[in-house]
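All remarks here apply to the structure that follows.
The values are calculated or read from the model by the stated rules, or taken from the named source; none is laboratory data. Here the structure is a predicted model, which is why all the values come from computation and not from measurement. Reconstructed Cβ throughout: ideal geometry from the backbone, glycine too, with neighbour counts over all protein chains shown. Areas reflect the complete protein model, heavy atoms only, side chains present, ligands, DNA and RNA absent. Shrake-Rupley method; radii C 1.70, N 1.55, O 1.52, S 1.80 Å.
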Amino acid sequence: MLKLPIGIEDFEEIRTEGFYYVDKTGLITELLNNWSKVILFTRPRRFGKSLNMNTLKYFFSYGCDPKLFDGLAISRETELCEKYMGKFPVISITLKNVEARDYKGAFANLCTVIGREALRFRFLLESERLSEEEKQQYARLITVGEAGQQMFLMTEDVLTSSLQTLSSLLYRHFGQKAILLIDEYDVPLDKARQHGYYDEMVDLIRALLGQVLKTNESLYFAVLTGCLRIAKESIFTGLNNLRVMSITNLQFDEHFGFSDDEVKAMLKYYGLECKYERMKEWYDGYRFGDSDVYCPWDVINYVSQLRFDVNARPRAFWINSSGNSIIRTLLQKADHQTMDDLEQLVNGLPVIKKISEELTYRELYDSTDHLWSVLFTTGYLTKRKEIDLDTYELVIPNQEIRILFTEQILSWFQEKVRKDAITLDAFCEAFPAGDPVKIECMFCSYLKQTISIHDTAVRKEKKENFYHGILLGLLSHREDWILRSSAESGSGYSDILVKIKDISMGIVIELKYSESRNLETACRHALEQIEEKNYADRLIDDGMTTILKYGIACRRNTCMVQMADM
């Protein structure tokens, strides 16, 4: 049984160490049949960019072992393999770790990334085809500081010309132009924006890429990947040979992410066909070009979990693999229109937005219009259909992302209302005071400040969970109260139990979502459930002498509160 390659981005390791591989070598075929001097693939994180780039490195590099590709799609392209496999010097770097709190640190990290790659070609120091001056140029790329630390020492001029220099020297040595692969080219810019040295980093990356990509006679072709397409005028100035393949392009659409057939094949291999519907609900829904795809990171992690626990529930693997500050920023900038759009999205409805795929990191958060573009290009939203040029119907792709939106909205809402501690105290105090009218009035007011859940595609318990989360967050303001959520009590699990030890009072709260406008009936059912299942028993056992019972019914942005007779 093949192992699952969680976090493994080395093609050779996957192919030689017994890992399951989803064949994406069709990318090589399409790349060679639709050749471009410089091509940029923009895809969300965790969709296979790095593994695809590593696969290209192994295929094109001198010394390629053809056995690595046995049985794969590219191996059936005999003419392409004879002409291109193992026929090139390949420079391959990833910029995903070029991050620091200041420009000096980021500069040093970039020197290290390029210096380590240059070390792979130490034979250049002995090459009979290079002059002494050229060997000195190479030596400047691998000059290190203190022994053993591999701190590469480059001046700015040496660094910005490093990739061009290396490609030129390799061309001189081999008599064959070099292929350049740059993975996650935009990460240094994102980190620079976060830490306040964006202008310096833009200048550095522009100079580095400009020298190696523009009018470089030693370059056969170059492939870059990233999450965003940075505007040409900021990074790719004067580069007329750049071809961008984004998530809206039909070409190359099936080579990043897993197709439905690929997911079914993986589930069948591991005997997990019964989990197909759950997998699709949680991790499918992305639309690249004309292809529907799953997030590979989610699929591999969930299958791994299911192999050892067939009853394992889906988890938010993708959203927990990185920060999700984009949604938080959107909420902080949200006006009434934006909140209405978010409500539609969480309820399974589309929003229509004009998308700009050419932004600079400087302007990403300037307006909510740009934020919609970022949410789209980074995988938080996907297109349902194209309305007009650069205008799309956008939806939340799957259950994982829907949960993320809901949790972030709840967190933002709770943070917002806690700023008004006086009002929040008054709301909380209405519960032990036995004042359902005041609770209803204030809770309705709070609900009108956030979105509501009313999509018919969402199960009723999911809707109830949303309102449960809002109320629980509000009541948690009282740090002197003991709250229990979904606690076992009596013959079931009550929604919320509250213990106020100072006055020996217990409060039982049961929430219902009303599918109709008949909130009174829903409240009555909530109170009946409290009695039938004896939810107060746990509070009584804990010594609470006074018990209050509340039934709360919610529908969209309104509610009704009733209290049982004492």
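Compute the accessible area per residue over the stretch 152-268, keeping the other protein chains in place, probe 1.4 Å, unit Å².
36
Using the 2.2 N^0.38 Å rule of thumb for compact globular proteins, work out how the stretch 280-388 stacks up: its C-alpha Rg over that value, please.
Taking N as the residue count of the stretch 280-388, the ratio is 1.21.
For the stretch 461-566, which trypsin sites (Lys or Arg not before Pro) pass both filters: DSSP loop (anything but H, G, I, E, B) and at most 14 other C-beta atoms within 10 Å?
Answer by residue number: ARG517.
Can you give me the C-alpha center-to-center distance between the stretch 28-88 and the stretch 401-468, rounded to a whole angstrom?
Comparing the Cα centres of the stretch 28-88 and the stretch 401-468, I get a distance of 52 Å.
Just flag the trypsin sites (Lys or Arg not before Pro) in the stretch 404-443 sitting in loop per DSSP whose Cβ has no more than 12 other Cβ atoms within 10 Å.
Those that pass, being in a loop and sparsely packed, are LYS419.
Put a dot 7 Å past each Cα toward the Cβ at THR16 and GLU358; how far apart are the dots in nm?
With each label placed 7 Å out from Cα toward Cβ, I get 4.4 nm.
So what is log10(I(q)/I(0)) for the stretch 296-343 at q = 0.20, 0.27, 0.30 1/Å, when the Debye sum runs over its Cα atoms only?
The Debye formula, applied to the Cα set alone, gives -0.72, -0.93, -1.04.
Taking the Cα-to-Cβ direction at ASP425 and at LYS385 and moving 7 Å from each Cα, how far apart do the two end points lie in nm?
Here the modelled spin labels are 5.5 nm apart.
Accessible area of the chain with a 1.4 Å probe: how many percent of it is carbon plus sulfur?
Within the chain, the accessible surface is 45 percent carbon and sulfur.
How large is the accessible surface of SER367 in square angstrom, using a 1.4 angstrom probe and rounding to the nearest 10?
40
Which three semi-axes in whole Å describe the equivalent ellipsoid of the stretch 188-324, each the square root of 5 times a Cα gyration tensor eigenvalue, listed largest first?
38, 19, 12
All other residues with a Cβ under 14 Å from the Cβ of ASN311 taken together, and with Lys, Arg as +1 and Asp, Glu as -1, what is their net charge?
Summing Lys and Arg as +1 and Asp and Glu as -1 gives +4.
Add -39500 (n - 2.57) for each DSSP H run of 4 or more in the chain, then divide by its residues: what number comes out at 222 nm, to the nearest 500 deg cm²/dmol?
My calculation for the chain gives -12500 deg cm²/dmol from helical runs alone.
Sorted by accessible area with a 1.4 angstrom probe, largest first, how do HIS468, HIS336, HIS525, HIS173 fall?
Sorted descending by solvent-accessible area, the residues read HIS336, HIS525, HIS173, HIS468.
May I ask you to compute the full-extension gain from LYS268 to ASN97, defined as 0.36 nm times their residue separation minus their alpha-carbon distance, rounded to one decimal in nm?
Extending this stretch completely gives an extra 57.9 nm.
Of the listed values (1) 66, 53, 52; (2) 86, 73, 47; (3) 97, 53, 49, identify the label whose number matches Cα extents along the principal axes in Å calculated from this model.
(3)
In debye to the nearest 20, how big a dipole does the chain give about its Cα centre with +1 on each Lys and Arg Cβ and -1 on each Asp and Glu Cβ?
In total the dipole reaches around 420 debye.
Add +1 for every Lys or Arg and -1 for every Asp or Glu among the other residues with Cβ under 12 Å from the Cβ of ARG538, and state the total.
-1
Against the longest alpha carbon principal axis of the chain, how many degrees, from 0 to 90 and to the nearest 10, is the axis of helix 460-475 turned?
With rounding to tens, the tilt is 80 degrees.
With all protein chains present, calculate the accessible area of GLU429 using a 1.4 Å probe and round the result to the nearest 10 Å².
80
Where a Cα-Cα gap under 22 Å defines reach, which lysines qualify for LYS268, not counting those fewer than 8 residues away within the same chain?
LYS268 reaches LYS3, LYS24, LYS280.
Taking the Cα-to-Cβ direction at GLU520 and at GLU133 and moving 7 Å from each Cα, how far apart do the two end points lie in nm?
The answer from the label model is 9.6 nm.
Where does the Debye-calculated log10 I(q)/I(0) of the stretch 1-143 sit at q = 0.09, 0.13, 0.21 Å⁻¹, using only Cα point scatterers of equal weight, no solvent?
Values, matching the q order: -0.37, -0.75, -1.34.
Putting +1 on Lys and Arg Cβ atoms and -1 on Asp and Glu Cβ atoms, find which of HIS370, ILE39, GLY434 reaches farthest to the positive end of the dipole of the chain.
The residue sitting most towards the positive pole is ILE39.
Would you mind telling me the antiparallel percentage of the DSSP bridges in the chain, rounded to 5?
Around 50 percent of the beta bridges assigned by DSSP in the chain are antiparallel ones.
Can you give the accessible area of THR377, probe radius 1.4 Å, in Å² rounded to 10?
Its accessible surface works out to 20 Å², give or take rounding.
Longest span of the chain, sites excluded, free of chymotrypsin sites (Phe, Trp or Tyr not before Pro) in DSSP loop with at most 12 other C-beta atoms within 10 Å?
By the stated rule (loop sites, at most 12 other Cβ atoms within 10 Å), 63-566.
Would you mind getting the accessible area per residue of the stretch 359-454, heavy atoms of the protein chains only, 1.4 Å probe, in Å²?
40
Suppose the chain between LYS501 and ASP309 were pulled fully straight at 0.36 nm per residue; how much longer would it get relative to their current alpha carbon spacing?
Contour length minus the Cα-Cα distance gives 65.0 nm.
Which of HIS255, ASN241, LEU228 sits closest to the plus end of the dipole of the stretch 152-267, meaning its Cα is farthest towards the positive end, when Lys and Arg get +1 and Asp and Glu get -1 on the C-beta?
Farthest towards the positive end: ASN241.
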